[in-house]
Every structure is written in structure tokens, then in C-alpha cells.
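So the structure is just underneath, and the comments pick up after that.
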Amino acid sequence: MKILLIGEYSRLHNSLKEGLEKLGHEATIVGFGDYFKNYPVDIKLQLNYQQGLSRFFKRVIFKLLKIDLISLDIQSQFDKAKHKFTNFDIVQLINENAFNTIPEVEEKLLEYIFQNNQNVYLLSCGTDYTSINFAINGGFKYSILTPYFEGKEKEKEFVYALKFSKKNYKKLHQFIFKNIRGVIASDLDYHLPLEGHRKYLGMVPNPINTDILKCQQLGITGKIVIFHGINTSKYFKKGNDIFDKALALINEKHRSKIEIVTTKDLPYKDYIRAFNRAHIILDQVFAYDQGYNALEAMAKGKVVFTGAEQEWLDHYGLEKDTVAINALPDPISLAEKLEWLIENPENILTISKNARAFIESEHNYINMAKEYLKKWEEQLV
């Protein structure tokens with residue numbers, strides 16, 4: 001089949017493409033490459049007006065005329081390449097805002113996609129109307145909005161997430177759901193809000209290319225290396241402030257036994273290189289399931305502090321602290337878990353092996369590509 005994957009988050013569509021190609025299908029990715037992470041895409045869209053005078057000019061124009069130059073620029077790029085976006089057997093959108101334009105423009109671009117492709121699917125991956133409103137209405141005990149509810153950051157810092165609760169994004173959501181064949185969730189954080197929806201096709205766990213990500217069993221002969229990679233734009237949303245507090249506590253008590261490596265805003269390739277030496281990875285706090293960074297770290301045999309809630313344990317039939325460490329929003333709890341690992345390094349080695357085995361059994365990119373194909377084909381016209 002000929003498949004178009006629109007958008008990219010954390011290498012999900014790249015891994016899916018690799019799985020689909022192994023199965024003999026043709027897959028094309030169009031998108032921005034997930035911005036500073038710069039993942040490969042086949043048809044590259046540029047996100048302009050991001051710095052310097054052009055950024056200032058964009059802001060002035062929007063303030064005075066309410067014209068979004070970024071959206072118009074993306075629409076222009078789309079129009080020049082739109083002949084490449086027709087007659088696919090399958091099209092999948094990474095998110096309800098896959099083209100990163102304002103809703104009025106997004107709807108125009110998607111209308112062309114819907115008119116020229118019969119079988120379009122949506123992936124619930126990253127914030128969208130359903131998951132954000134589920135969080136706002138108390139569906140989660142905590143979520144990426146928790147720092148906002150707690151007053152750690154102002155509303156403007158959560159604009160990207162909160163915009164999905166606005167009327168124009170609700171209208172876009174309704175337009176998309178009217179035209180798609182179905183929606184698939186990438187993990188439990190998006191599965192739970194979609195349960196019971198008539199167009200929900202179920203969850204397909206994030207595909208991980210285990211052929212590329214080799215497991216690196218590290219011996220523990222010296223200091224235990226703890227890696228904390230920060231995306232500064234999501235510092236509070238990911239709970240990095242809580243990790244920092246936990247690291248301060250553990251460093252004060254076990255300074256001689258550990259090495260802490262902290263990085264900020266690294267491109268994907270540099271990020272992977274930076275955490276290769278680490279035994280322990282601090283990923284994110286406000287999640288029920290693992291995102292891509294956590295899964296790739298687990299594939300490489302790291303002990304990852306991330307979303308590993310009871311719902312996740314129940315779904316996969318696991319015992320806590322055997323495959324990943326559930327990162328609670330409490331620096332003392334995190335420090336205690338770190339101390340448990342530091343004082344019992346054999347647990348690091350055991351969890352490392354379990355994590356790799358889990359990725360191979362539950363997230364293998366070829367098997368996940370088969371799951372996508374199954375769900376798509378069940379709905380084909």
C-alpha cells in the first residue's frame with residue numbers, strides 16, 4: 001500500500017515508516033521534523049518567522065491585523081507541494097493540529113487531504129481536544145496541565161495545550177472526526193480519554209525500531225550515571241523542576257556514588273549520544289504511560305523514571321519497579337527511588353534487562369506496523 005504520514009512527534013512516524021517498509025509498503029512522511037529535534041522527513045515543511053526581525057514582524061502583524069504569517073506561510077508551502085498529497089491508500093495525521101496552523105487554515109489544508117484521499121486516520125498523540133478536555137475536567141489524577149493548575153506557570157506558557165479547549169479548536173476537532181475513518185491512541189494517556197468513542201479503533205503502542213537501538217548493558221564498576229535531559233519549553237510540563245529537586249536531595253547524600261548529567265534542548269542525535277553512558281534516565285513525571293524518549297531509553301537498557309502508573313501495570317500485566325520506575329510528582333519519593341537503586345545496583349541491572357525485553361515484546365516496530373495495518377484495513381472503503 002501507499003501510505004502518507006502527516007507530521008512527526010518524537011520519531012513515531014519514522015519508526016512506523018520503517019516497520020511498514022519492512023512489510024513491503026511505501027510510506028512518505030511530510031512535516032517539520034519535530035522542530036529542533038530535526039527528525040528525517042520525506043517532504044520538509046519549514047517553520048519560519050521563529051527568530052530575529054522576522055519573528056518581531058510576525059508578532060506586530062498579528063497584533064495589528066490578526067493575521068498569522070506562520071499559518072499563511074505553511075499554507076503557501078502546502079499549496080506548492082499539494083500534488084504530492086493525493087491518491088494514497090492510507091493517510092494518517094499525527095495529531096489534530098498536524099500542520100501547526102491556526103484552525104481556519106488547518107481546516108483548509110485538511111479539506112484538501114480529505115477530498116483527495118478516501119481513507120484518512122487520526123493518531124491521538126500529543127495534546128488534542130479530547131485529552132486536554134479530559135484533563136481539565138479531572139479525568140486524570142495529574143497531567144501536563146497540573147503545573148498550570150498549581151500556578152507554577154502562567155496561562156501563556158500553556159497556550160499550546162490549552163488552545164485545544166477553545167471554540168475554534170473544538171470546531172476543527174469536530175471537522176476532523178466527521179471526515180476520518182477512525183482514531184488510534186499511541187499510549188494510555190490518550191487511550192483513557194477516548195474510551196467509548198464511536199470512532200476509536202483502540203491503542204497501538206508506540207513503535208520502536210529495536211534494530212537501530214541496540215541494548216547497551218553497562219556494568220556498574222564506578223559511579224552510577226543519572227541523565228536528566230531537559231526541553232526548556234516543557235520544563236514544568238514534564239516535571240523537570242521536580243526532578244531537579246530530587247537530584248539535589250540525592251546529590252547531597254550520595255555525591256561520591258553518582259554522576260549527574262543535565263542537558264538542555266539537544267537535537268535527537270546529540271540527545272542519544274549524551275545519554276549513552278547513563279544507567280538511569282529521568283524522563284517525565286505527569287504521565288500514565290511512556291512517551292518516545294522513555295521507550296527509546298528502555299530499548300537501550302536504561303532504568304527510566306517516567307509514566308508507569310497502575311493502569312499501565314494492569315494493561316501489560318507487570319509488577320511495579322520491574323520494567324520502569326513510576327515518576328510521582330514528589331521529589332522525596334523520587335529521591336527515595338533513586339537511593340534504592342544506588343544502594344542496590346543489582347536492581348539496575350535487572351530492570352535494564354527487563355526494560356529491553358519489554359520493548360522487544362510490546363513495542364517492536366514491525367509488529368506495531370502490523371497492528372496499524374490491521375486497524376486501517378478494517379475500516380477501508
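Brief remarks on what is shown
- Scanning segment 1-30 for residues that are surrounded by fewer than 18 Cβ atoms within 10 Å (Cβ to Cβ) and among the hydrophobic types (A, V, I, L, M, F, W, C) returns M1, L23.
- Applying the criterion of at least 1 residues that are modelled with pLDDT of 95 or more, within 18 Å of F243 (Cα to Cα) and under 16 Å from the mean Cα position of the chain (by Cα) to the strands (runs of 3 or more DSSP E) found wholly in segment 253-348 leaves 280-282, 303-306.
- Cβ-Cβ distances below 8 Å connect no pair with a first residue in segment 75-86 that is free of Cβ contacts under 8 Å to residues at least 24 places away in the same chain, a second residue that is part of a helix (DSSP H, G or I) and β-branched (V, I, T), and a separation of six or more residues or different chains.
- Some residue of segment 312-325 being of a type outside the set (V, I, T) and within 22 Å of K234 (Cβ to Cβ): yes
- Yes/no for I70 being part of a helix (DSSP H, G or I) and touching a helix residue (DSSP H, G or I) at 6+ places or on another chain (Cβ under 9 Å): yes
- Test: residue in segment 206-218 that is within 24 Å of G126 (Cα to Cα), open to solvent by less than 50 Å² (accessible area, probe 1.4 Å), free of Cβ contacts under 8 Å to residues at least 60 places away in the same chain and not charged (D, E, K, R): no
- The residues listed here are A327, A294; of these, the one that is open to solvent by less than 30 Å² (accessible area, probe 1.4 Å) and closer than 17 Å to T146 by Cα is A327.
- Annotation note: of E106, E96, E153, the sole residue that is closer than 24 Å to H13 by Cα, over 19 Å from the mean Cα position of the chain (by Cα) and open to solvent by less than 60 Å² (accessible area, probe 1.4 Å) is E106.
Condition check ((1) part of a helix (DSSP H, G or I); (2) touching a Cys at 6+ places or on another chain (Cβ under 8 Å); (3) polar (S, T, N, Q)) across all residues:
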| site | (1), (2), (3) |
| --- | --- |
| L4 | no, no, no |
| H13 | yes, no, no |
| E18 | yes, no, no |
| E21 | yes, no, no |
| G24 | no, no, no |
| T28 | no, no, yes |
| Y39 | no, no, no |
| Q46 | no, no, yes |
| Q50 | no, no, yes |
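- Residue selected from segment 132-159 under the condition under 14 Å from V285 (Cβ atoms) and of a type in the set (K, R), by the criterion modelled with the lowest pLDDT: K152
The values are calculated or read from the model by the stated rules, or taken from the named source; none is laboratory data. All figures in this text were calculated on a predicted structure; none of them were measured in a lab. As a convention, Cβ positions derive from the backbone with ideal geometry for all residues, glycine included, and neighbour counts pool all protein chains shown. The protein model used for the area step is the full one, side chains on, heavy atoms only, and it has no ligands, DNA or RNA in it. Shrake-Rupley method; radii C 1.70, N 1.55, O 1.52, S 1.80 Å.
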